[in-house]
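Everything on this sheet refers to the single structure shown next.
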Amino acid sequence: MLGIMKITLLCKPGAKTEKIEKLEESVYRVWVKAQPTEGAANRAVIERVAAYFKVAASQVEILAGQKSKRKVAAIKLQ
């Protein structure tokens, strides 16, 4: 394993389209269609981030902000 990369995510649940935009070195804005109900938006954010960084969803973890639009995530790099 190469290490862990921590990034800040500014999430927009309930969006019309799903995408990721890099704002700064380790800050990304993430739009997901899922609503913030019962963790659906968090799961969608994890899947979108995993696809963006080309890693498995199991390698992405939300460390802080589970109930916030501002999240800190860790990506385990191999």
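Rule-based calculations on the coordinates, nothing more; no lab input. As the structure is a prediction and not an experimental result, all values here were calculated from the model. Positions of Cβ are backbone-derived with ideal geometry, glycine not excepted, and every protein chain shown enters the neighbour counts.
With unit charges on the beta carbon (Lys/Arg positive, Asp/Glu negative), name the residue among GLN59, VAL49, LEU77 whose Cα is farthest towards the positive pole of the charge dipole of the chain.
After comparing all options, I get VAL49.
Can you match Cα Rg over 2.2 N^0.38 Å to one of these, (1) 0.99; (2) 2.10; (3) 1.72, based on a calculation from the structure here?
Here the calculated entry is (1).
Calculate the dipole size of the range 3-77 relative to its Cα centre from +1 charges on Lys and Arg beta carbons and -1 charges on Asp and Glu beta carbons; express the result in debye to the nearest 20. Walk me through the intermediate numbers first.
Numbers: 15 positive and 7 negative charges, 34 e Å.
In total the dipole reaches around 160 debye.
How high is the FRET efficiency between ARG70 and LYS22 when r is their beta carbon distance and R₀ equals 22 Å, given to the nearest 0.05? All intermediate terms of the calculation are to be shown ahead of the outcome.
Values: r = 16 Å, r/R0 = 0.72.
In this case the efficiency is close to 0.90.
Which angle from 0 to 90°, rounded to the nearest 10, does the C-alpha axis of helix 40-53 make with the longest principal axis of the chain?
Value to nearest ten degrees: 40.
Can you compute the label reach from LEU63? Point 7 Å from Cα along the Cβ direction, backbone N cut-off under 19 Å, restricted to the range 19-45.
23-30, 42-43, 45
Can you tell me the relative contact order of the range 3-77? Whole percent, Cα pairs under 8 Å, sequence separation 6 or more.
Values: 152 pairs, mean separation 26.0, N = 75.
Value for the range 3-77: 35 percent.
Find which of GLY3, THR37, SER26 sits farthest along the positive direction of the dipole of the range 3-77, computed with +1 on the beta-carbon of Lys and Arg, -1 on that of Asp and Glu, about the Cα centre.
Farthest along the dipole direction, towards plus: THR37.
Count the DSSP beta bridges whose two residues both fall in the chain, then state the antiparallel fraction as a percent rounded to the nearest 5.
Details: 17 of 22 bridges.
Here the antiparallel bridges make up roughly 75 percent for the chain.
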